[in-house]
Amino acid sequence: MKRYNWLLGFLCLQVFNVQAQEQFISKRVDSLLKLMTLKEKIGQLNQYSGREVTGPANDRKAYLLKDIQNGMVGSMLNVKGVKDTREIQAEALKSRLKIPLLFSLDVVHGYKTVFPVPLSEAASWDMEAIKQSAHIAAKEAAASGIHWTFAPMVDIARDPRWGRVMEGAGEDPFLGSAIARARVKGFQGEQLGATDAVMACVKHFAAYGAAIAGRDYNPVDMSEQQLREIYLPPFKAAAEAGAATFMNAFNTLNGVPATASTFLQRDILKKEWNYKGFVVSDWGSIREMIPWGFAANLSEAAAYAITAGSDMDMESEAYKNELEKLIQTGKISVDLLDDAVKRILYKKFELGLFENPYKFSDFKREDIVMKDKTHAAAARSMADKSIVLLKNEHQILPLQTDVKKIALIGPLVRAKADLASTWTVYADTTQMTSVEEGLKQRFGTMKFNYAEGCKINTSDTSKFNEAIQTAQNADLVVMVLGEAGNMTGEAKSRANIELPGVQEALFQKIKKTGKKVIVVVMGGRPLIFNTIADQADAIVYTFWLGGEAGHAIADVLSADYNPSGKLPMTFPRSVGQVPLFYNYANTGRPVAKSGDIHYRSAYIDSPNTPRYAFGFGMSYTDFSYTDLRKDKEIMKGGENLNVSFTLTNTGKRKGEEVVQLYLQDKVASVVRPVKELKGFDKVELEPGESKTIKFVITPEMLAFYKSERGWITEPGSFKLMVGGASDQMRLESDFKLE
Ligand code: BGC
């Protein structure tokens, strides 16, 4: 009892401290606000990109610098490094009130050390590792003068044509929410203001990932139910995890640009979720209301944005040029402006920039942190965990010691810069480890012969013969195929998501030699590669693994690391199936028996099933799921249901399994999906070892969104399913909610 009293006392003190700190900062914000002119207030809402200030001199440089010196700029993006941030901060300190600038940058998957792209990391289902990856990125960025990263991107994406799927956590709101929390905590560390942490910016609010036909910047049209159940949960999770800022989005939602959406930014984010941070527009998204045909001119666009709760203007110069007149003519109230300014100033105080504007710009720390060797080791371990084994016929992997000569074939065998993909802001891509280098270092005694075979994306087959000969002279072939690193990312939508160029044709020729062929596939999205899926002896899917890719692939091919990744997105068989996702509704005419498609919800020319399902991924060992237990059959009056089962490693190697819990509400007043992920755990087991795995099912997990009524649960029958992939349920049981 005494111990509890002590703990309670401690917790009360913490809450008190937090409240006292909040009040203290708010007072400082209020007193600064009183000193500010209208122009200076507007200046705080203005964000410029800094390439033109720190890069080669040009006309724009002079006018940007003048604005900074006059207090007309609150934040700069794309200024990095201690030297440049110090230089530009010094200009801001020439302004009347000496309000420091916030420096921001897209630190998306590492800063100097390149980690796997977020979609790849999502395949690890390892929240601690993802958190650490974000923290190392933050540490390096913060040592380089950066205060604020434009990450994590938490947009749910069900359409692999969309180029930005590589920046997010895939298709599922539950997994996406867990990853959103991990990344926010990783970036922001223990407390904002620490010099090993940066502010997170959760983006893009909201529903940007649902762009029609996967074409970037396209409109989005969806029901509130889908918005609330699928697209918003990761944003809410990130807000609850303390994310300092939000970014709005380029898309429209039901006809209204997200940047002008009062419904999203004021009603949901700031009122319903009681969010205290600030919202930055996406690049030029206020100005883009004009080509959308939503605002007639920049003044109207500025009025829409500030009214809707978009606090900072990234690169539209709409607030800077239009807000003063809008306020003077009474079209916009000064209270709206003050609210936005206060939110921004609060973060500057919280970071400690008023005490020391150069706090993050320390040459010595920059030098030490950038040389930290542990960061590469963490990136390698993250990459190990992110690899997904999709096929392994006759256990051809791991590579056996009797293999003496390996043919390395394909356009990505020697790739380096591609491994980093897009959104790398500082990386020296020449220092990255290619697959060839990684394998040669690991398998010193084996002989490797290389043939490029073809380029990534041309129709040229002139190098096929050389590749065929190389294969014929080897004991085994490893092909490294995929997209180019810059074929995903912003504005990189593809209508055809098959392997580009003649790579599958090359594979067919190599396979015809009769040699066993292991294919490593790289890309920033789920790709389609049906011939390889049918005929390869093994397939290892890596997405983009970053700087340590070559080492990590060698770790997996050698079984130094037993693969444990599981797909965070469904892999379709054809683009015609897209969007394809595991948590769909059954329809009134589901396919009852495989093949029976008579007047069913089916294609006449393709199965409904994906090539590889969400949650799927193999290991070099096997796991059994047995002995499902529940502590009750009926959940009553807010009770939880405790579920447990036994997971056993039945193979011969140590391995990790990502166990997944899915639920289905069998009958409801809004049609529910056939299954929804509601729990997961990554469990490591020695050969022969068993563990009891526990999940707690709470009433909230059974809730759904019903328009007019909000989140509700309905009594009735539910199904729970446990397995190692969304299409491989190993244990099932029913229960009731009363
Ligand atoms: C992207 C954002 C990014 C911003 C700043 C925009 O084009 O949509 O995700 O943070 O640029 O670089």
If we keep only residues of the range 234-288 that are touching a Pro at 6+ places or on another chain (Cβ under 8 Å) and touching a residue at least 60 places away in the same chain (Cβ under 8 Å), then the residue farthest from Leu677 (Cα to Cα) is Ala238
The correct count of residues that are surrounded by fewer than 17 Cβ atoms within 10 Å (Cβ to Cβ), in contact with a helix residue (DSSP H, G or I) (Cβ under 7 Å, 6 or more places away or on another chain) and in contact (Cβ under 8 Å) with a residue 60 or more places away in the chain in the range 398-428 is 1
Of the residues in the range 67-87 that are modelled with pLDDT of 95 or more and hydrophobic (A, V, I, L, M, F, W, C), the one that is nearest to the ligand (Cβ to nearest atom) is Leu77
Being modelled with pLDDT of 95 or more and either of a type in the set (A, V, I, L, M, F, W, C) or out of contact with any strand residue (DSSP E or B) (no Cβ under 8 Å at 6 or more places or on another chain) (or both) narrows Ile597, Ile539 down to just Ile539
Of the listed residues (Thr445, Thr424, Thr430, Thr458), the one being modelled with pLDDT under 95, in a loop (DSSP other than H, G, I, E, B), at negative phi and away from the ligand (no atom under 16 Å from the Cβ) is Thr445
Would you confirm whether any residue within the range 90-98 is over 30 Å from Pro579 (Cβ atoms), touching a helix residue (DSSP H, G or I) at 6+ places or on another chain (Cβ under 8 Å) and assigned to a helix (DSSP H, G or I)? yes
The residue that is surrounded by the most Cβ atoms within 10 Å (Cβ to Cβ), considering only those in the range 283-299 that are away from the ligand (no atom under 16 Å from the Cβ) and among the aliphatic types (A, V, I, L, M), is Ala295
Note on the range 357-383: residues closer than 23 Å to Lys83 by Cα, hydrophobic (A, V, I, L, M, F, W, C) and in a helix (DSSP H, G or I) are Phe363, Ile368, Val369, Met370
Does Gly524 satisfy being assigned by TED's automatic domain parsing to the domain that holds Asn392 and more than 16 Å from the ligand (Cβ to nearest atom)?
-> no
With the first residue restricted to the range 490-514 and required to be polar (S, T, N, Q), and the second required to be surrounded by fewer than 16 Cβ atoms within 10 Å (Cβ to Cβ) and in a loop (DSSP other than H, G, I, E, B), Cβ contacts under 9 Å at 6 or more apart or on different chains are Gln503/Asn457
Checked the range 234-264 for anything more than 16 Å from the ligand (Cβ to nearest atom) and among the β-branched types (Val, Ile, Thr); matches are Val256, Thr262
If we keep only residues of the range 140-159 that are within 18 Å of Ile179 (Cβ to Cβ) and assigned to a loop (DSSP other than H, G, I, E, B), then the residue nearest to the ligand (Cβ to nearest atom) is Phe150
* Would a scan of the range 181-193 turn up a residue that is of a type in the set (S, T, N, Q), out of contact with any Leu (no Cβ under 7 Å at 6 or more places or on another chain), surrounded by fewer than 24 Cβ atoms within 10 Å (Cβ to Cβ) and touching a residue at least 60 places away in the same chain (Cβ under 8 Å)? -> no
TODO: Within the range 43-53, identify whether any single residue is in contact (Cβ under 8 Å) with a residue 60 or more places away in the chain, away from the ligand (no atom under 16 Å from the Cβ), polar (S, T, N, Q) and part of a helix (DSSP H, G or I), and answer yes or no.
DONE: yes
From the option list Ser133, Ser104, single residue qualifying as outside the structural domain of Thr433 (by TED's automatic domain parsing) and either modelled with pLDDT under 95 or in a helix (DSSP H, G or I) (or both) is Ser133
Q: Answer yes if at least one residue in the range 356-374 is more than 17 Å from Met72 (Cβ to Cβ) and over 32 Å from the mean Cα position of the chain (by Cα), and no otherwise.
A: yes
The correct count of residues that are in a loop (DSSP other than H, G, I, E, B), touching a Leu at 6+ places or on another chain (Cβ under 8 Å) and among the polar types (S, T, N, Q) in the range 632-648 is 0
Restricting the range 197-233 to residues that are under 15 Å from Pro152 (Cβ atoms) and small (Gly, Ala, Ser), the one farthest from the ligand (Cβ to nearest atom) turns out to be Ala197
Scanning the range 160-175 residue by residue, those of a type outside the set (Lys, Arg) and part of a helix (DSSP H, G or I) turn out to be Gly163, Val165, Met166, Glu167, Pro173, Phe174, Leu175
When (1) assigned by TED's automatic domain parsing to the domain that holds Gln395; (2) farther than 26 Å from Lys694 by Cα; (3) not in a strand (DSSP E or B) are applied to Val540, the one that fails is (3)
From the option list Val670, Val659, Val683, Val696, single residue qualifying as within 23 Å of Glu229 (Cβ to Cβ) and assigned to a strand (DSSP E or B) is Val696
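The values are calculated or read from the model by the stated rules, or taken from the named source; none is laboratory data. Model, not experiment: these values are computed from the prediction. Positions of Cβ are backbone-derived with ideal geometry, glycine not excepted, and every protein chain shown enters the neighbour counts.
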